[in-house]
Every structure is written in C-alpha cells, then in structure tokens.
1. State, as an integer percentage, the relative contact order of segment 241-323 based on alpha-carbon contacts under 8 Å between residues 6 or more apart.
2. Counting other Cβ atoms within 10 Å of each Cβ, which trypsin sites (Lys or Arg not before Pro) in segment 149-248 have at most 13 and sit in a DSSP loop?
3. Ordered by residue, what ³J(HN,Hα) values in Hz, to whole numbers, does segment 147-159 give under the Karplus form 6.51 cos²θ - 1.76 cosθ + 1.60, where θ = phi - 60° and Gly and Pro are x?
4. Output the relative contact order of the chain, whole-number percent, from Cα pairs under 8 angstrom with separation of 6+ residues.
5. What accessible area per residue comes out for the chain, rounded to a whole number of Å², with a 1.4 Å probe?
6. In the chain, if the dipole is taken from +1 on Lys/Arg beta carbons and -1 on Asp/Glu beta carbons about the Cα centre, which of V323, V166, M236 is farthest to the positive end?
7. For K233, go through the lysines and keep the ones whose alpha-carbon is under 21 Å away, minus same-chain ones fewer than eight residues off.
8. Roughly how many debye, to the nearest 20, is the charge dipole of the chain about its Cα centre, given +1 on each Lys and Arg Cβ, -1 on each Asp and Glu Cβ, and no other charges?
Amino acid sequence: MLAPPTGGQSFFVFGPRGTGKTTWLKQRFPEALYLDLLDHALYLELLARPERLRELIPPRHGDWIVLDEVQRVPLVLNEVHRLIEADGRRFILTGSSARSLRRRGVNLLGGRARILRMYPLTAAEAGSDFSLERALVRGQLPSVYRQPDPERYLASYVESYLRQEVIEEGRTRNLAAFSRFLESASFSQAAPLNVAEVAREVGVDRKTAAGYFDLLEDLLIAARVPVFTRRAKRRMTTHPKFFFFDAGVYRTIRPRGPLDRPEEIDGAALETLVHQELRAHIAYRSLDLDLFTWRTASGAEVDFVAYGGGGVFAFEVKRSRRVRPADLRGLAQLRSDYPMARCVLLYGGDRREYRGDIEIVPVAEALADPGALLQAAA
C-alpha cells in the first residue's frame, strides 16, 4: 500500500483518475485544506490568476494543503513553489501525469517535493474482496468494487475520462483517429509492440501513432516494458511490450467478435494483472528494481524480468492449470544466461511445484504476496 513520505516534505501523487488518490488523501490527511481543480469555478479563477492561490489559504492554516488535479493549471506550481519557500507551506499535489507536466516545461518544485505514484488496487489492498476471476474481467480500479454495474462504469470511464484527458492535453484534434488507435493498441496488449503496424491499421502515419503511444504513457494510461539486454548473450529483439494500466480498462477497450479466442483475451488480462501488481509492489516498497521483458531474436521469451540492486527475478505467466515442458523453455534459457536469476512460472493451478531451478507458483498465491517472490531464493 502507498505510504506518505516521512519528514513533512511536500509531495506529488500521480496516477490515472479513478485509482483512489483523493480517497487515500482524505483518509490519511483529514485536516488538510482541499482545493479541487475539477471544480470549474476554481479552475477558471486560478487559470486566470495563479497567484490567487495565496488568498485561498487561511492565514493561520498550519496543516497540509491538497491541490487536486494540478495538471489542469500547470502554472499554479510556480505559486506553490513560492509559498513553500516564503511561507513554509506544505502541499500535496495530485495529477494524472508528471511526464505531461515536464513536457510543458512546468516547474516540478525543483526537487523540493517527492513524487509518489498510485496504481489500481493490489490484491492485498482488496483483501477478502479480491477475486481473481472478477479482477480479470473488471480490473482493480477502486470504484469498480462499489458499482452496481461495473461493465457500464468501465465503458463510461473509458469514454469520458480518456476523451477528456486527450482533449485537455490538446495533442490531437482527430478524436476519431485516436479512438481507432485505442482499439488497435488493445490488440498489442501484453505483446511486443509494432508501432508501424498499428499506424497502418489506424490509417495514420507512424509519427502520429508514436505520438499517441507517448500520450498514453504521459497520462499513465499505458506503459511500455523495455527488453532486458544487460550483458545479453543472445541476439535480442528491440520491441517493448505494451500494457494498458488496468485489466478491466484493457478488456473494455478491446473489441470482441466471433473470430476472437477467449483464451487470448484472458491470457492478456492475466498478464496485465501481474504487471499491475509488480509495478505497484516495486513502487510502494521502494524496491531497487526496474521492470523489463526478455525476448530473443529466435523467439524465446519471458514475460517479466525485475532487475536492479535488489537482484534478478524472472516471471513467466500462464493461464492454464497444467504446466507443459514448453512453458518452461524461456525461463530455462534465461537462467542459463543469468544463473543468479530467481525464475518463477506463475500458472492457473493450485499447487506449488519445482522443476529444477524453476519455481512453479499458483498465480493467486503470487498475487496475494508478490513481495515473497521479489526476494532472493533461499
């Protein structure tokens, strides 16, 4: 679970809308002054005069000040900076993208504020409410758990949130092409990304498609997982793997028809769920690890490699309840190149097993405690 920084330093919390940033802050900082830039009147007021921020804070207010959705009025950060320096104010600033602000050349407080990231709920955060089968269909956005009609909520989320964010970013005026792009990108979920191929399917040039992918990453709606090439002993591919940030959002965007095999969509959803958990766990525990994929030019692959000062950890994800020899080949090849790696196959069964140096772990068990797998093997 995300923990606030110690020491009373101002900080940012970035994450897609719907991941629970405001709810978390109100639980952790109930005495804070909240200023929500989704409030249209406040938005227009600070857009016209960012320096008005000082006048909205009571003189004797000694607690935190939360500025929600700060990316809507980026220039207000200059005033925040001044209030921190001159008045000793403490701010918590939320938004949907640090990269988006940086692209605009906006002041991120010159290192005076830490940056935290929030992800969809982890299985541990959901606790007894977590269901693997439900998470594969509906994802792990906190609001999904409270909705009487989760599918309708997700459809509305994709339609209104994504369109609104794209319009506010102002980086594309062709929403029809962007909508086609979203659908086309969903076919690349949990797979090596070929930008040129997506561009052809959408009917735009490669530069435009690449810009769309950058936009998704800027807004934290998607992520590209690079190929692990550190001291590679084989010829590696260069295409990263692509993921929408949440399994439910992915399934909502992904078109389905009679030619689609359910196991393909289910497999991508499961890998997405593992991706969500690994990213959140690494970030929340401040682990010295980065996430990669591994794929050789000859086609051997491993879904995820976590690498850094914390060690080397390799994970292959399979939906099936039975383990076939072919399922272990990528892990076996990776371990022959990196003998220090802890190699784990996550599968749909319910029994932990071992095949030589490869651990076989039920995916439900792994999701309940991913930290146990991000430790050096005993």
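1. Working: 79 pairs, mean separation 18.4, N = 83.
Computed over segment 241-323, the figure is 22 percent.
2. Answer by residue number: R173, R230, R231, K233, R235.
3. So the J values, rounded to whole Hz, are 8, x, 10, x, 5, 5, 4, 5, 4, 5, 4, 5, 5.
4. Over the chain, the number comes to 13 percent.
5. That works out to 47 Å² per residue.
6. Positive-most Cα among the choices belongs to M236.
7. The reachable lysines, counting only those whose Cα sits under 21 Å from K233, are K241.
8. Values: 55 positive and 48 negative charges, 184 e Å.
In debye, rounded to 20, the chain gives about 880.
The values are calculated or read from the model by the stated rules, or taken from the named source; none is laboratory data. Bear in mind that the values here come from a model prediction, so they are computed numbers and not experimental data. Positions of Cβ are generated from backbone atoms using ideal geometry, with glycine treated the same way; all protein chains shown enter the neighbour counts. The accessibility values were calculated without ligands, DNA or RNA, using every heavy atom of the protein model including side chains. Shrake-Rupley method; radii C 1.70, N 1.55, O 1.52, S 1.80 Å.
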